[in-house]
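One structure below.
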Amino acid sequence: MTNIHIASATAPVNIATLKYWGKRDKVLNLPTNSSISVTLSQTDLRTLTSAATSPTFTSNKLWLNGEEHPFNDARSVQVLTHLKELRKKLELENPALPKFSEWYLHIVSENNFPTAAGLASSAAGLAALVVSIAKLYQLPQSYSELSVIARMGSGSACRSLFGGYVAWEMGQLQDGSDSKAVEIAPMEHWPQMKALILVVSADKKDTPSTSGMQLTVQTSELFKQRVDVVVPKRFKEMTQSILDKNFAKFAELTMKDSNSFHATCLDSFPPIFYMNDTSKKIIKLCHHINTYYNETIVAYTFDAGPNAVLYYLQKNETKLFNIIYKLFEKLPGWKSDRANYKQFLDQ
Ligand code: 2P0
């Protein structure tokens, strides 16, 4: 029988409610501020990765969504090097273990959402890569320890090692060993919390995040205030709002932080625009809805692109969807497949 060893792992897409934007170390991906993400399903938007190794493999190979790609991306190679070092250490401690650290890898990875949906998939991809190889190598490291390796691949990837409410603690050390993801609370802590993604555009983003954040660090004066004063306070408050299940507070902080992040993008020189006119209409709509109900029932957040993620509580789903579907119905080109959303219009 062929001597092939395989392990698989999934990792979810994560959405930041307190944004990571800025690096203090570009090589290690060390951030200028701590951040928070909320992942409400481990399965709706996820990457599934299988890693295989065998002494018969003659090179590293990678298949993404069914297509073979060269496995030479610098970030993935850096991640792989670290995992191999950990495996090598294990093999030195346990000489009976097969020498996986000397064998090539075959990686098969697929997303269960269309790439055209305009959602960032690199974080989930890198996280699933790290966890699948760590499982294959039987590494004893905790998920927080593995998140340090995922972070080197892509900053936000460290948060995708966990579901639920996750903090990426920026850390203090120069080697980055304390810049890791930790769980604030599991998903089950706040089962009422829901998210809705409004895909505004599936186009490729205007400015890639890595270069965008460097430009902001170098040129924005607002940025300094954001990382020194605004975010440290907000990090504590948002963590507490999650622990307290205080939706109004969580929503306010989430919306303010999205606006603050986009403000520093606009304050970069030349300016970076991620939101478009539709994104801005969604922001206005959310504020109108909250004013109309005289209660905060919805929060928006936008990443490095125009698509909106809305957070709301299950008990307010009908109120929110009723308004959104009524508006969509008026849009030209909106399919009148009423059966799918009739329940919300009839309220
Ligand atoms: C975040 N974003 O916290 C923020 C909000 C985009 C806006 O993390 O250079 O792809 O690989 O560390 O993680 C996007 O940045 O950048 C990002 P790298 P990454 O989710």
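The values are calculated or read from the model by the stated rules, or taken from the named source; none is laboratory data. Quick caveat: nothing in here was measured; it's all calculated off a predicted structure. With ideal geometry, Cβ positions are generated from the backbone for all residues, glycine too; neighbour counts draw on all protein chains shown.
Within region 189-243, the set of residues being of a type in the set (D, E, K, R) and farther than 17 Å from MET170 by Cβ comprises LYS194, ASP203, LYS204, LYS205, ASP206, GLU221.
Do you know which residues across region 268-294 are within 15 Å of the ligand (Cβ to nearest atom) and either in contact (Cβ under 8 Å) with a residue 40 or more places away in the chain or within 13 Å of LEU310 (Cα to Cα) (or both)?
Of everything in region 268-294, those that are within 15 Å of the ligand (Cβ to nearest atom) and either in contact (Cβ under 8 Å) with a residue 40 or more places away in the chain or within 13 Å of LEU310 (Cα to Cα) (or both) turn out to be SER268, ILE272, PHE273, TYR274, SER279.
I need a count of the residues in region 35-70 that are among the polar types (S, T, N, Q) and either surrounded by 22 or more Cβ atoms within 10 Å (Cβ to Cβ) or in contact with a Lys or Arg (Cβ under 8 Å, 6 or more places away or on another chain) (or both). Total meeting the criteria: 6.
Of the residues THR17, THR39, THR43, which single one is touching a residue at least 24 places away in the same chain (Cβ under 8 Å), of a type outside the set (D, E, K, R) and touching a Pro at 6+ places or on another chain (Cβ under 7 Å)?
Details: THR17 fails: touching a Pro at 6+ places or on another chain (Cβ under 7 Å); THR43 fails: touching a Pro at 6+ places or on another chain (Cβ under 7 Å).
Criteria check complete, one pass: THR39.
Scanning region 165-197 for residues that are in a strand (DSSP E or B) and within 16 Å of the ligand (Cβ to nearest atom) yields TYR165, VAL166, ALA167, TRP168, GLU169, LYS180, ALA181, VAL182, ILE184, ALA195, ILE197.
If we scan region 16-28, do we find a residue that is out of contact with any Cys (no Cβ under 9 Å at 6 or more places or on another chain), under 21 Å from MET152 (Cα atoms), away from the ligand (no atom under 16 Å from the Cβ) and assigned to a loop (DSSP other than H, G, I, E, B)? Checking region 16-28: not a single residue is out of contact with any Cys (no Cβ under 9 Å at 6 or more places or on another chain), under 21 Å from MET152 (Cα atoms), away from the ligand (no atom under 16 Å from the Cβ) and assigned to a loop (DSSP other than H, G, I, E, B).
If you go through region 141-164 and keep only what is assigned to a helix (DSSP H, G or I) and either more than 14 Å from the ligand (Cβ to nearest atom) or without any contact (Cβ under 8 Å) to a residue 12 or more places away in the chain (or both), you end up with TYR143, SER144, GLU145, LEU146.
Test LEU92 against the stated conditions and say whether it is in the same structural domain as THR47 (by TED's automatic domain parsing), outside any loop (DSSP other than H, G, I, E, B), more than 16 Å from the ligand (Cβ to nearest atom) and loosely packed, with under 14 Cβ neighbours inside 10 Å.
yes
Scanning region 205-227 for residues that are part of a loop (DSSP other than H, G, I, E, B), more than 17 Å from the chain's Cα centre (by Cα) and not β-branched (Val, Ile, Thr) returns ASP206, SER220.
Here's the yes/no breakdown for (1) hydroxyl-bearing (Ser, Thr, Tyr); (2) closer than 20 Å to PRO208 by Cβ:
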{"position": "SER258", "(1), (2)": "yes, yes"}
{"position": "THR264", "(1), (2)": "yes, yes"}
{"position": "SER268", "(1), (2)": "yes, yes"}
{"position": "LYS284", "(1), (2)": "no, no"}
{"position": "ASP303", "(1), (2)": "no, yes"}
{"position": "LEU310", "(1), (2)": "no, no"}
{"position": "THR318", "(1), (2)": "yes, no"}
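Restricting ASP228, ASP267 to those that are farther than 28 Å from GLU188 by Cβ and either assigned by TED's automatic domain parsing to the domain that holds ILE36 or touching an Asp or Glu at 6+ places or on another chain (Cβ under 9 Å) (or both) reduces the list to ASP267.
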